[in-house]
Amino acid sequence: MFTENCPDHNPSLSGWNPGHQPEKAVVVRRGHLFRLDSSATFYSLTIQSGGRVVFADNANGSKNITLRTRHILIEEGGALHIGAPKCRYRSRATIALVGRSDDKAVPEVPGLGRKFIGVQSGGTLELHGTERVSWSLLTRSIPSSGLATGGHAFQRNFSRGINLRVVDQDTAAVLLSERYDTHESRNDSRRLTQLLRSLPAGRIVTLAVGDSAVKSLLDETKKTIEEKLGSSFVYDLKYREHENHDTGGRALARRNFTTVDGVGFSVTAYSEWKNGEEQLIMVSVQNRLNIYGSLLTAVKDNIVIGCDTYLLKTITTHQNHILCHVMLCIVFLLNEVQCNVRPGFPISGFQVDAVDQVVLNLQDEVQQTWKPGDRIVVASTDYSMHQAEEFTLLPCPHCTSRQVRIQGKPQYSHVGEIIDGVDMRAEVALLSRNILIYGEMENSCYGNNMCQFYSHDTYGGHIKIFGNFSSVHLSHVELKNMGQQGETGRYPLHFHMCGDVDQRGGYEEPTYVDGLSIHHSFSRCLTIHTTNGLLVKNTVGYDTLGHCFFLEDGIEQRNTFFHNLGLLTRPGTLLPTDRNETLCTSIKDKVYQGYTPSPSTECKAVSTFWIANPNNNLISNAAAGSQDAGIWFVFHSSSTGDSHGLVPETKAELTPLGIFYNNRVHSNFKAGLFIDKGVKTTNASAADPREYLCLDNSARFRPHQNADPSLPRVAAVIDSLISFKNNDLGAWIRGGDIVIQNSGFADNGVGLSFASDGSYPKDEGSSQEVKQSLFVGESQNRGTNGGQNKYWGVGGADGKMRTLPRNRTFPIRGFQIYDGPVRLTQSTFRGYIPTPERYTSAVGFNLKNTWQLTPRNNLSQLSFHSTVGLRTFFGRPGQWFEENDLDGDKNSIFHDVDGSVTGYTDTYVGRADNYLIQHPGCVNMSRWSGVICSGRYSQVYVQTQGAPSLSLSISRDEYPAAPLVLRGINSQGALSQQYQPILMMSKSYTLHWSGPAPREVVLSLINFDKDDWVLVGVCYPSDTTFQIMADIYDRQSNTFDDITDYGTVLLWLYLRARHGRDGHSYCSVKGCERVKIMATTSSKQTCNCTAKAYPKYSKTPSAVVPIMPGLKYKTQIQRHYLYDHNLRNRVCLTDFFPPVICQVNDVTMPLSEPGYILVSVDACSGKVTKKTSFSKMDAKMEQYLKTGIPKR
């Protein structure tokens, strides 16, 4: 009930009307329990222990109160209340935080600075506005201009006659544009008559008169206009006169219509006189003078002795028309009049648009809580985040409960549908709340507020919550102009080193942030700093500088982000990762002695969700536009900032991933989802001049049980991710084990790319899997040219103009193979059509790749839609690929397990010019620049010491004329080098050098299964002596057969794996089997034995495993990948709220005993179809999951 649960109805409160005292520092002491009944102004407000301030409210919501102050400090035992969870505030409450950063007369409060709301240990802050739908999704697309036809605008000067437009009443399309010169041409008048009589009923016809239209306008035309258009003025049409010269005599007609799709639009016709600048001219009385309106008062003896202020039309000897407005005439002799005149001209025009007529169709019922005058923002559904648009809501009595009407019209298209199977519906967020906290701002930047980078004031207000607070809950509050860009730790909302804020921390009511609108902020949106267990839900972060939802020190865990939206995340200055290229190279105050940072490797990482520890939950969030990434998981090797050394280290790289489910990322420049990299955890020094907390490439995500590398791995599951219109990457993920499932990728530069955990021998091998997912290259979402979209060109299955990622020539790829091993299965590709300007392929490879690709990259059960023109592509020399001759480029390969890519079962697809993997039965695929082969394939890593700038040439004895030349993965000047060729098993090879032979060579068997073998001859000078050791990497003894033949200057080694591999490991269960060769020679000559080895060791090409042509594979996988916006009503949040319940819409199912409750829900209707409980995970539960869930 309103009275019982409302904090302002507490009988212990006394009414408080302090008035406006801008110079008074107000202190609410123990026993002061105030109900603020009216607006007030203070210098500051401090609420001490035992003090309480409650904003007054009433049932009809008319008790509007504004509090202006420099700061509010809530000390231990103090409390500030506006509404309550069970008694939402109904009126409008506003807290304005005032002050300037350079006001020296206002001392800073330690730890808080100026312009803040601070909650210290033991303080209480409870703010609860009217509950409103925070954000929704469009359910019908809105085109740019609001009309699918694009609207129509036309204006013409000196357009004589009658201008006409015929508009389709069903679509708002302009069907006919014509001008009829009814001043000079009777024939044009007849043509106009014929047209009007021929139009079908219902057409919209609009006319606008130009400069003159009556001289040859026939009576029959006038009659037709009267009959067809209902004009009552056509018979009064005369030569153009403008009696009101100040206004231009504008005539305008407008009428509203509705298309068959229910879209409102207006048709406007207008005609007017446009005044120009006042000029001084001479009018000759000897020329014919026509005067319209009032006459000159007298003309005597060719001398003007008076004049009136009316329009003159003079015709000079050149027959040019001069139209002037006589402002002042002065008497002159010599038959001339000198006039100060204002020239002008007639204009006429038309407009067909949807201004103030556009209705948004939304998924949620918003009509009751989204009110006229509220501000909303519609997210971009294109590559540029800058296509997000703000609107004000207008009254809409005819709207349904899921519709709102906006003021103006959209400049860009916004998708409201599922396109090509991927849910691309634009997010629509409500920015307005009835509790508003905002910073009062100056008109422009000043002082030390980063004015060299920002022209606007960035010194806003901020809210800071300290640890051991008594109670903090914020719901449905608007934070505007908050955050201070030039100050560390001054964010719109900042939980500062609060520790556990849920039941684990002793809070009976776990701390939460719900339904906030944080917009136009100057330093982040929400910062969680050394705080665990916080619930952040239904919160909007819009238009901010720097990371928006921000985990700070790398040890924040168990926080849950549920159904939040972030968009338009711009670069900031605070951290290197916040900065763009300009900020990165300009800010050098924390680097070592003038070092210039590298933007691409140290900065350029600003993200909407910056997650510094994987043990956090992200459910049903949307990252709808950031300068760099939507969601970025970064890994701190140790705690950083204020947390360093204060709490136990968390080993973020080894920590299992929390729940990641049903999130969507789009309109981000670098990547939608990015899981990779760490931050530098040491200060700048001569040894490492980079700034503290810049990006660092040392981290590798490898989750294990309890973050213990000696325990089994724990797969990180990315479930139901939707990623579209990200300029570079839909997702980039490094590490393992990682599983992506039930996800959709569309219109990204590259849909998805994995990178391995690390490199041999550090990385023991891990799995990366993609299953039951959809990849769309170029969808029917063609975007809008503009809004900082840089590229516009032909593309897509329909070959129409569209926005493009990266560049007009960029090779779009769906699934990018890099490193490995990767398994891609049960997935579908569509919309990959190459154009003359670019190669577009469903499966591709990392460009300009120096690194290895394992033949254990397995593809199976894939479906390719008819709109896939290029299933895979290995590149060709040219733009983007350059020479296409780096080691990784040459060794590109994948395994088509079931033939779903090639039509040939159990085959491998590799580069067409790589003869180390071929045999005579291989099938050449010239369009792919590839070849389909059968066989068994593994890798031999060749590591060298003591021979810089050395290339390795590998020849297979069956194709000695086609060696593979590798330059190594390290820089050419490096003393050590590593080469990573892929070899067909059961074949023989020779290795040759481009210079003197290295003194040390290690041959490691990578991805060899038990009993796989190759014969390798290594070239050395004839005077070489050898020390050869065969071992396993952990130095356990092993035996290798070796054959030496010094006569051919080749050291022959028979390399056979004696042990099997386990899972995805690169090496055997015993370790990495290898041979180490220590060579001693006095020769300095180039060591290439090709001429002596061949034809002696040449062999006839043959297939170890014959290819099986004709085994065609066909599969059809049809799914749609939808974002479940209503998931907040359909999931069990058992980890977050006590008691343990599962609630689906209005159906509540408590779990009273230990165990599991399984609920089946119809995904379309939300109806519970079945619910079952189990005491433990056993065979009975397993069988139920397999057979007991009802089909829809």
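The values are calculated or read from the model by the stated rules, or taken from the named source; none is laboratory data. Please read all numbers here as calculations on a predicted model, not as lab measurements. Don't worry about glycine lacking a Cβ; one is built from the backbone with ideal geometry, like all the others, and counts go over all protein chains shown.
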Subject >> From the options Y454, Y491, residue that is hydroxyl-bearing (S, T, Y), in contact with a Cys (Cβ under 7 Å, 6 or more places away or on another chain) and assigned to a loop (DSSP other than H, G, I, E, B) >> reply: Y454
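Quick grid of which residues meet (1) of a type outside the set (F, W, Y); (2) out of contact with any Asp or Glu (no Cβ under 7 Å at 6 or more places or on another chain):
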site	(1), (2)
S827	yes, yes
G831	yes, no
R838	yes, yes
S841	yes, yes
P855	yes, yes
F864	no, yes
**OP:** Select from the range 379-411 the residues that are buried (at least 24 other Cβ atoms within 10 Å of the Cβ) and of a type outside the set (A, V, I, L, M) and write down the one among them that is farthest from D747 (Cα to Cα).
**Re:** Q387
Original post:
So, in the range 586-600, of the ones that are hydroxyl-bearing (S, T, Y) and over 12 Å from E691 (Cβ atoms), which residue ends up surrounded by the most Cβ atoms within 10 Å (Cβ to Cβ)?
Top reply: S586
Original post:
Quick check: anything in the range 158-170 surrounded by fewer than 17 Cβ atoms within 10 Å (Cβ to Cβ), at pLDDT below 90 and either among the aromatic types (F, W, Y) or touching a strand residue (DSSP E or B) at 6+ places or on another chain (Cβ under 8 Å) (or both)?
Top reply: yes
Original post:
Somewhere in the range 474-485, is a residue in a loop (DSSP other than H, G, I, E, B), out of contact with any Phe, Trp or Tyr (no Cβ under 7 Å at 6 or more places or on another chain) and among the acidic types (D, E)?
Top reply: no
Original post:
For L847, are the conditions met, namely being of a type in the set (A, V, I, L, M), more than 25 Å from Q772 (Cα to Cα) and touching a residue at least 12 places away in the same chain (Cβ under 8 Å)?
Top reply: yes
Original post:
Taking strands (runs of 3 or more DSSP E) that fall entirely within the range 1-93, which contain at least 2 residues that are at pLDDT 95 or above, aromatic (F, W, Y) and at negative phi?
Top reply: 40-47
Original post:
Yes or no: V27 surrounded by fewer than 21 Cβ atoms within 10 Å (Cβ to Cβ), aliphatic (A, V, I, L, M) and touching a strand residue (DSSP E or B) at 6+ places or on another chain (Cβ under 7 Å)?
Top reply: yes
**OP:** Considering only residues that are loosely packed, with under 15 Cβ neighbours inside 10 Å and among the hydroxyl-bearing types (S, T, Y), look in the range 678-719 and name the one that is farthest from D553 (Cα to Cα).
**Re:** S710
Original post:
Of the conditions (1) among the aliphatic types (A, V, I, L, M); (2) closer than 23 Å to N532 by Cβ; (3) touching a helix residue (DSSP H, G or I) at 6+ places or on another chain (Cβ under 9 Å), I675 fails just one. Which one is it?
Top reply: (3)
**OP:** Identify, from the list S892, S863, the residue that is in contact with a strand residue (DSSP E or B) (Cβ under 6 Å, 6 or more places away or on another chain) and crowded, with 20+ Cβ neighbours inside 10 Å.
**Re:** S892
Original post:
R524: basic (K, R), farther than 25 Å from S455 by Cβ and outside any strand (DSSP E or B), yes or no?
Top reply: no
Subject >> In the range 148-186, the residues that are polar (S, T, N, Q) and farther than 12 Å from L217 by Cβ >> reply: T149, Q155, N157, S159, N163, Q169, T171, S177
**OP:** Would you confirm whether any residue within the range 502-517 is within 23 Å of the chain's Cα centre (by Cα), under 17 Å from F561 (Cβ atoms), among the small types (G, A, S) and not in a strand (DSSP E or B)?
**Re:** yes
Original post:
What strands (runs of 3 or more DSSP E), lying completely within the range 864-947, carry at least 2 residues that are modelled with pLDDT of 95 or more, under 25 Å from P811 (Cα atoms) and outside the structural domain of Y989 (by TED's automatic domain parsing)?
Top reply: 893-896, 907-911, 923-925, 930-933
Original post:
Listed residues S444, S413, S455, S470; which is over 26 Å from D642 (Cβ atoms) and more than 28 Å from the chain's Cα centre (by Cα)?
Top reply: S444
**OP:** Among the residues of the range 966-1012, write down those that are touching a Lys or Arg at 6+ places or on another chain (Cβ under 9 Å) and either without any contact (Cβ under 8 Å) to a residue 60 or more places away in the chain or not assigned by TED's automatic domain parsing to the domain that holds T1025 (or both).
**Re:** Q977, K1010, D1011
**OP:** Scan the range 94-118 for residues that are closer than 22 Å to T130 by Cβ and either of a type in the set (S, T, Y) or assigned to a loop (DSSP other than H, G, I, E, B) (or both) and jot them down.
**Re:** T94
**OP:** Go through (1) assigned to a helix (DSSP H, G or I); (2) farther than 21 Å from Q485 by Cα and name the single condition L583 misses.
**Re:** (2)
**OP:** Take the residues in the range 105-157 that are of a type in the set (S, T, Y), out of contact with any Asp or Glu (no Cβ under 6 Å at 6 or more places or on another chain) and farther than 30 Å from I225 by Cα, then tell me which one is surrounded by the fewest Cβ atoms within 10 Å (Cβ to Cβ).
**Re:** T139
